[in-house]
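Before any comments, here is the structure.
Here, each number is a calculation from the coordinates, and none is a lab measurement. Just so it is clear, the model here is predicted, and its values are computed rather than measured. Here the Cβ positions follow ideal geometry from the backbone for every residue, glycine too, while neighbour counts run over all protein chains shown.
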Amino acid sequence: MSLQIRKQLDSGYNEVIGSEDKRLQFIQFGILRLATGESFAQDAAGKETVLVILSGRCTVKVGRVEYENIGQREDVFSDSPYSVYIPCDKAYEVIATNDLEVAVCKAPSDLKTETTLIRPEQVGLRSVGQLNWRRDIRDIVDSNFNAGHLLIGETLNPPGNWSSVPPHRHDFDNLPEESDMEEVYFFKIKPQQGFGIQRIYTDDRSIDSVYLLQDNDTVAIPEGYHPVVVAPGYRLYYLWILAGEKRILKMRDDPQHTWLKNAEPILSELGV
């Protein structure tokens, strides 16, 4: 079964990974596209939901809570997002102020907590790696956020650069060395005609696949190391969604490539 999902994104809610998908246990994912004035409503029964506004503005209503005219970026490359965390058993409505694209990230949950607006200034910013494996990371729903299973963020690769390097996995419940979390990547490329490449592989090579990435592709990562590269001249973005039983992210680097991380402090000191 291919781990790559490529589908035409139409107006309305586009289910990309549903509850019946055999590749993943926790994560469900879709893209919501609305024109000005259009709306979408859903009952998040038994699931926690995070709405990440990819572009455009909207009003989000969750019960008596209303976040009016949120969203500020033209595209995912321009700024950090507005996001809304919706706990389980809550119905919500999204009303587009202008042309709107929203990532809808879901996982089963019984955590009773509050609906929360995550503003751009609350998103954590990190620069990771060196040389042509340097990338920028935005942490939206991190481990300090009170959620049931989800961890969510965004990664941006400069032209020609790699991310998820050294290649890492999070496949086994073997803390403190490693945690077991599945993952989904949703990609954007600028300009849109560009491309990237992702490899997913396990130590025994029972999985060893390479995927050509185009704008709006999704890749499910149930297990394995999963490095990504973008072609020269193009910028690559991906929304990453992690979920696991314990909601602890502890990654194990591929031992063949850990020397890259060991070299990073030296490269940083040299200013290269």
**OP:** Quick one: angle between helix 258-270 and the longest Cα principal axis of the chain, in degrees between 0 and 90, rounded to 10, please.
**Re:** 90
Original post:
What is the range 217-272 by shape, rounded, prolate or oblate, if you read a ≥ b ≥ c off the alpha carbon gyration tensor as root eigenvalues and call it rounded for a/c under 1.5, prolate for a/b larger than b/c, and oblate otherwise?
Top reply: oblate
Subject >> Under-5 Å amide H pairs with ARG235, H placed in peptide plane, nonlocal only >> reply: LYS190
Original post:
Which shape class, rounded, prolate or oblate, goes with the chain when its Cα gyration tensor gives a ≥ b ≥ c as root eigenvalues, a/c under 1.5 marks rounded, and past that a/b bigger than b/c marks prolate?
Top reply: prolate
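Fewest first, what order do LEU32, LEU111 take by the number of other Cβ atoms within 10 Å?
Numbers: LEU32 23, LEU111 11.
Ranked by crowding around the Cβ, least crowded first: LEU111, LEU32.
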Original post:
Charges only on Cβ, +1 for Lys and Arg, -1 for Asp and Glu: so what's the dipole of the range 9-258 about the Cα centre, in debye to the nearest 20?
Top reply: 500
Original post:
THR97's amide H: which non-local residues (gap 5+, or another chain) put their own amide H closer than 5 Å, with H modeled 1.01 Å from N in plane and none for Pro or chain starts?
Top reply: GLY37, ARG57, CYS58, THR59
Original post:
Among THR97, THR155, which comes first, then next, by fewest other beta-carbon atoms within 10 Å?
Top reply: THR97, THR155
**OP:** Report, by chain and number, residues whose modeled amide H sits under 5 Å from the one on LEU213, excluding near sequence neighbours (fewer than 5 apart, same chain).
**Re:** GLY196, ILE197, GLN198
Original post:
Among THR49, THR36, THR116, which comes first, second and so on when ranked by fewest other beta-carbon atoms within 10 Å?
Top reply: THR36, THR116, THR49
Original post:
Whole-Hz Karplus ³J(HN,Hα) for the range 174-181, in order, using 6.51 cos²θ - 1.76 cosθ + 1.60 and θ = phi - 60°, x for Gly and Pro?
Top reply: 9, 5, x, 6, 7, 10, 9, 9
Subject >> 12 Å beta-carbon shell around MET181, net charge (K/R +1, D/E -1) >> reply: -3
Original post:
Distance from the Cα centre of the range 62-119 to that of the range 232-248, in angstrom?
Top reply: 18
Original post:
Any idea what the relative contact order of the chain is, in percent, if you count C-alpha pairs under 8 Å spaced at least 6 apart?
Top reply: 19
Original post:
Hey, what do the phi angles of the range 128-133 turn into as Karplus ³J(HN,Hα) couplings, whole Hz, using 6.51/-1.76/1.60 and θ = phi - 60°, x for Gly and Pro?
Top reply: 10, x, 9, 6, 8, 10
Original post:
Karplus couplings for the range 29-43 from phi (6.51 cos²θ - 1.76 cosθ + 1.60, θ = phi - 60°), rounded to Hz, Gly and Pro as x?
Top reply: 8, x, 10, 9, 10, 10, 8, 3, x, 6, 9, 9, 10, 8, 9
**OP:** Please work out how many pairs of lysine residues in the range 9-258 are eight or more positions apart (or on different chains) and have Cα atoms closer than 27 angstrom.
**Re:** 26
Original post:
For the peptides 256-266, 61-71, 137-147, what is the packing order when you average, over each peptide's residues, the other Cβ atoms within 10 Å and list the highest mean first?
Top reply: 137-147, 61-71, 256-266
Original post:
According to the square roots a ≥ b ≥ c of the eigenvalues of the Cα gyration tensor, what is the shape class of the range 15-145, taking rounded for a/c under 1.5, prolate for a/b larger than b/c otherwise, and oblate for the remainder?
Top reply: oblate
